[in-house]
1. Between residue 123 and residue 222, what is the label-to-label distance in nm when each label sits 7 Å out along the Cα-to-Cβ direction?
2. What order do you get for 102-113, 186-197 when each peptide is scored by the mean count of other beta carbon atoms within 10 Å, highest first?
3. Could you check the simple spin-label distance between residue 89 and residue 253, using points 7 Å along Cα→Cβ, in nm with one decimal?
4. Starting from the amide H of residue 250, placed 1.01 Å from N in the peptide plane, find each other amide H under 5 Å away whose residue is 5 or more places distant or on another chain.
5. Take residue 82, project a point 7 Å from its Cα along the Cβ direction, then tell me which residues of the range 152-180 have their backbone nitrogen under 19 Å from it.
6. At a 1.4 Å probe radius, which order do 273, 257, 212 fall into by accessible area, largest first?
7. Please compute the modelled spin-label separation between residue 205 and residue 236, points set 7 Å along Cα→Cβ, answer in nm with one decimal.
8. Which ³J(HN,Hα) values in Hz, rounded to whole numbers, follow from the phi angles of the range 220-228 under the Karplus curve 6.51 cos²θ - 1.76 cosθ + 1.60, where θ = phi - 60° and Gly and Pro get x?
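The values are calculated or read from the model by the stated rules, or taken from the named source; none is laboratory data. Bear in mind that the values here come from a model prediction, so they are computed numbers and not experimental data. Using ideal geometry, Cβ is built from the backbone for each residue, glycine included, and neighbour counts are taken over all protein chains shown. Just so you know, the surface numbers come from the protein's heavy atoms only, side chains and all, with ligands and any DNA or RNA stripped out. Shrake-Rupley method; radii C 1.70, N 1.55, O 1.52, S 1.80 Å.
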Amino acid sequence: MDNIVNPITFVFDAWLGLVADPGKQFIFAALLLLLAAHMGWRSSWTQRAVDAVESVTATLAIFLINVLAAPAVWLLSEQLKALYALLGIPSVPGSVWAGLPVWLLSFIAILAQDFANYWNHRAMHLKWLWPVHAIHHSDPVVNGLTTYRIHALETLVMWGSYTIMLTWLGFPADAIGIGALFLTLHNVYVHINVDWGHGPLRMLIASPRFHRWHHADVPEAHGKNLANVFPFFDWMFGTYRVPGPCDVPVGATGIPRNDVVKLTLWPLLEWARMTMPWVEAIRARTVGWPARGTGLAKTMPLDIKAD
Ligand SMILES: [Zn+2]
Ligand SMILES: [Zn+2]
């Protein structure tokens, strides 16, 4: 009961339990090794090999950072249903779904998540959330591993919305699990480097071609093809765009390419940079003078006469 009343302590304890478990410490060891390898590659090899190894090690390291953060969401999700009852938050009783086959419930889970995910993803492409999502678009070579190149904060939002929504709807655990497994595997599938477009089924299920266009680094492709699984959400909300095979460069400019530490800190660095003009404006207003050395923009003549 303690951990329900105090979720922050609970998550912290769960995370400490993970960190202190000798069986799990290999994750940390692997992460440190990857980071060391990642920083040490650059001296030899051809540029192409360096690029490839850098991209793969960066993605694996980011994946491991996600693995370390993910237990918080999953451990919390187990407590959510109890939390709704404890706090008196009305939620859908599990009995509503009784009698429905698990494949149908899993399908509804995937549909609901993709709808939520469409709007999560759309928000992630707005100015203030882009620094979080930019990590996913920083990969200069999109392939299956790109799936895992996601900032831990984004993982928290995506899987947090999934688990909160479905536990609130009273979904049985097996449907939630099957849905999550399908979403994960399909997400790897749409990132692989092939030009499969799904022909007449292209609006029903996202293809590698559909998602590659989402990663295209040309202005007309920015903010398009946001659904993970069902392209008809993009069609409904006006963001569908697949003009043919994706033959333009992928990636994104203006973000660190394969620097794991910088990519992880990127949202904080960018938010600090973006709020600086506000901080400066508040400072100028409260103190009343511009910063020393900036001077006045224009010297006022002293002989203006009032009439
Ligand atoms: Zn995106
Ligand atoms: Zn992607």
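1. Calculated label separation equals 2.1 nm.
2. 102-113, 186-197
3. Between residue 89 and residue 253, the label points sit 4.3 nm apart.
4. 217
5. Hits in the range 152-180 for residue 82 at 19 Å: 163-174.
6. Of 273, 257, 212, the descending order of accessible area is 273, 257, 212.
7. 2.0 nm
8. The phi angles translate into 5, 9, 5, x, 10, 6, 8, 5, 8 Hz.
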